[in-house]
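The values are calculated or read from the model by the stated rules, or taken from the named source; none is laboratory data. Predicted model only: the values in this text are computed from it and were never measured. In this analysis, Cβ positions are derived from the backbone assuming ideal geometry, glycine residues included, and neighbour counts consider all displayed protein chains. In case anyone asks, the SASA skips ligands and DNA or RNA and just uses the protein heavy atoms, side chains included. Shrake-Rupley method; radii C 1.70, N 1.55, O 1.52, S 1.80 Å.
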Amino acid sequence: MKEFFKKYSYAVVKLFVNQVAIALFGVGLAFVSAYAQNDKLRVATSIGAILFYLFLLYVHMWETGAKDGISAEAHHTSRGLWRGFAIGALANIPNLILALLIAISSLAGISGGLGQVATATALLLEGMYFGLLSVPIGGVVLSTKAVMYFVIVLPAVLVSGGAYIIGSYNLHATNILIPKNKDVKNNGRPK
């Protein structure tokens, strides 16, 4: 376990830093579209920020999986395909703690204090979802539902795990991420 943290702490921190950067981007987009009083624009920009965030996760975790896949082949060891999901979950621990605080305050019926601070912090830390969470569905704004703060962690963990597995087997979801190399026939790209 100690070896896992030592080997993958950089990946966890990088995923979290990417999240904070895209969260600020998402909050900015949500404020601009809210100022324009356009709910469709707010949802569209939020979806764009989420997709960009998931793309950044994919790229980093694919690279991590590819390195581990090469190492596993060279040393004839297990690929440990669970690692991508574990790295994604570890990077989302702050989000899960905030979701837990929000759920506890919601279940306890506490309307202010810690619950409000946790909600505000979660909305800022998960700012790419800000636009989606602020839209009412069936008369209920999603940001008022505690379960949503657990649900929005799932895409990050699933993309992290999936990208790690794809990278581990050196598969590509797109050719865009394969660098051009004129010395290699077909540039190493699948036909």
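The table that follows gives values for the structure above.
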| read-out | value |
| --- | --- |
| Positions within the stretch 142-157 being in contact (Cβ under 8 Å) with a residue 24 or more places away in the chain and either surrounded by fewer than 18 Cβ atoms within 10 Å (Cβ to Cβ) or over 20 Å from residue 38 (Cβ atoms) (or both), in sequence order | 146, 147, 149, 150, 152, 153, 155, 156, 157 |
| Count of the stretch 27-43 residues which are open to solvent by 60 Å² or more (accessible area, probe 1.4 Å) and touching a residue at least 40 places away in the same chain (Cβ under 8 Å) | 1 |
| From 162, 139, 167, residue being out of contact with any Leu (no Cβ under 6 Å at 6 or more places or on another chain), at pLDDT 80 or above, open to solvent by 50 Å² or more (accessible area, probe 1.4 Å) and among the small types (Gly, Ala, Ser) | 139 |
| Residue in the stretch 62-79 that is farther than 28 Å from residue 1 by Cβ, without any contact (Cβ under 8 Å) to a residue 40 or more places away in the chain and in contact with a helix residue (DSSP H, G or I) (Cβ under 8 Å, 6 or more places away or on another chain) present | no |
| Flag for residue 22 being open to solvent by 50 Å² or more (accessible area, probe 1.4 Å), among the β-branched types (Val, Ile, Thr) and not in a loop (DSSP other than H, G, I, E, B) | no |
| Test result for residue 42, in a helix (DSSP H, G or I) and among the basic types (Lys, Arg) | yes |
| Filtered residue count, the stretch 104-122, keeping only those that are surrounded by fewer than 17 Cβ atoms within 10 Å (Cβ to Cβ) and touching a residue at least 12 places away in the same chain (Cβ under 8 Å) | 3 |
